[in-house]
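Worksheet: one structure, shown below.
The values are calculated or read from the model by the stated rules, or taken from the named source; none is laboratory data. Computed from a prediction, not measured in an experiment: that's the story for all the values here. Glycine gets a Cβ as well: all are built from the backbone with ideal geometry, and neighbour counts include every protein chain shown. All accessible areas refer to the heavy atoms of the entire protein, side chains included, with ligands and DNA or RNA removed. Shrake-Rupley method; radii C 1.70, N 1.55, O 1.52, S 1.80 Å.
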Amino acid sequence: MAAAKKAVLGPLVGAVDQGTSSTRFLVFNSKTAELLSHHQVEIKQEFPREGWVEQDPKEILQSVYECIEKTCEKLGQLNIDISNIKAIGVSNQRETTVVWDKLTGEPLYNAVVWLDLRTQSTVENLYKRIPGNNNFVKSKTGLPLSTYFSAVKLRWLLDNVRKVQKAVEENRALFGTIDSWLIWSLTGGVNGGVHCTDVTNASRTMLFNIHSLEWDKELCDFFGIPMEILPNVRSSSEIYGLMKAGALEGVPISGCLGDQSAALVGQMCFQDGQAKNTYGTGCFLLCNTGHKCVFSEHGLLTTVAYKLGRDKPVYYALEGSVAIAGAVIRWLRDNLGIIKSSEEIEKLAKEVGTSYGCYFVPAFSGLYAPYWEPSARGIICGLTQFTNKCHIAFAALEAVCFQTREILDAMNRDCGIPLSHLQVDGGMTSNKILMQLQADILYIPVVKPSMPETTALGAAMAAGAAEGVGVWSLEPEDLSAVTMERFEPQINAEESEIRYSTWKKAVMKSMGWVTTQSPESGDPSIFCSLPLGIFIVSSMVMLIGARYISGIP
């Protein structure tokens, strides 16, 4: 019997989407932007001490290979010829920091994840060295001095990990965010791997001048970072190297964007003033500000949005970053056992349709924008004898929406033109209760594309449009129209404001909880975590008591 005929399609483009919670590989038709197949693997997070968050770089790399192989198998089952895949893009969790040995290819320590808080004392010590009238760090990078960004994580590794110190002394060390680690490994590793990053990821390190688009010697000296360990900075859309192993050996890697920039591209926010919000482990609202850097007066970051080609202009964005969004659902699942799967939260929230006055501030890693308050910790307040796990589930979803409202308010004040609607994407947008809550709390429509994988789509677009690949046109008239689902506000503005102002009261109560500091690491996250402690004890009482209470209002 003759072999089944392979389906004939236009050129295809693959995208590695390496996030905090999972790795995925997705394949798109470059002519229609249709998602043809994908595979996903969940990634473990390690918490060696309270406030520390790490991942295994080798597990991350292995997950990428696994996702590529499994997706290629699925395409084969659909009779789609993988030789049609003409390019691969990479999108990644951004500030997560890896240092590895260029001679052995081995990581010298776990990846220190963007959420990690161990560097708070490092930040405090550095802050004292910035002249009061000249915050050159913020003016050059667009970023506040914070545990969030890579430079302070790298400084901690240089100060505390002997293997890293020794490798630097012997000129064996390479530093990178996850994109650099993956591209270096996928293009050959110790056998000629390409050590590079793109402007969007570089702009999150605190070592990169966002005006000159170069590593900055003054910043590297300030943080004490040797410049020779840094990757070469490239545009977000050009051929970096070729895949050296696996089913897609020989395919060029030609797109690279930090995940939030990738989502901005995938949502086609190419015009000044267009914005999107991505609901992942954290929540990230980006607004395209065109060719100009806009510096926020309300706690937002100025960052590089994208540079889609070596000779193409750079675009900038204002960004509001929320540390904990989807991570709060994972916390309810893994730490409290309130739900068995992330999808269950929608069912629980739907049962009650209200938080019944319960408010959840998930400040597990302090508060990011607009507060930048590392002393904050998670609290659940407003508990009564009627509160049960359904109300807590609802309050967790509301918390994501309230945090987005705070960011949107700050962005509206900075830009001067309030957004008429919010474009959204990310895994959590499949939760219809969350999307409706978001529209109610913002009091503007929330617009969701029918294909929510916009982060991977953005990386694929950048890869397919690269010079030397040229299978994806980014001309406005050629971009595929995307069907949208729209959520309109369903409560009155007064009720929305009352709920929001009560949330703000809860936020104020979450601040100032860090009370002790570990002298050996300078780590402020070894603290007396009163609010969560109180919550866990009281919620156990409530949940036991709830068995004897019928008729929950």
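Remark on the stretch 96-155: ratio of C-alpha radius of gyration to 2.2 N^0.38 Å is 1.32.
When you filter the GluC sites (Glu not before Pro) in the stretch 245-354 for DSSP loop state and at most 10 other Cβ atoms inside 10 Å of their Cβ, you are left with 249, 297.
When peptides 81-94, 136-149, 30-43, 492-505 are sorted by average Cβ neighbour count within 10 Å, with the highest value leading, the order is 81-94, 136-149, 30-43, 492-505.
How much of the accessible area of the chain, in percent, comes from carbon and sulfur atoms when a 1.4 Å probe is used?
Values: 11310 of 21170 Å².
That share works out to 53 percent.
Can you grab the distance from the C-alpha centre of the stretch 202-234 to the C-alpha centre of the stretch 441-509, Å, no decimals? Value for the Cα centre distance between the two parts: 31 Å. When the listed pairs 31/86; 58/244; 58/163; 31/448 are checked against a 19 Å cut-off, the alpha-carbon distance exceeds it for 31/448. In this structure the chain gives 38 Å² per residue of accessible area when probed at 1.4 Å with all protein chains present.
Solvent-accessible surface (1.4 Å probe) assigned to residue 272 amounts to roughly 100 Å². Partners of residue 74 within straight-line reach, counting aspartates and glutamates whose Cα lies under 15 Å from its Cα and excluding those fewer than 8 residues away in the same chain: 66.
Normalising by residue count, the stretch 120-265 has a Cα convex hull of 123 Å³ per residue. To the nearest 10, the accessible area of residue 211 is 100 Å² with a 1.4 Å probe. Quick check on my link table: of 153/347; 138/312; 217/509; 138/276; 70/166, which ones sit more than 29 Å apart, alpha carbon to alpha carbon? Going by Cα-Cα distance, 153/347; 217/509; 70/166 fall outside the 29 Å limit. Over the residues of the chain, the helix contribution to mean residue ellipticity at 222 nm works out to -10000 deg cm²/dmol, using -39500 (n - 2.57) for each DSSP H run of at least 4.
Close amide H partners of residue 18, meaning residues 5 or more places away or on another chain with modelled amide H under 5 Å apart, are 24, 91, 92, 93.
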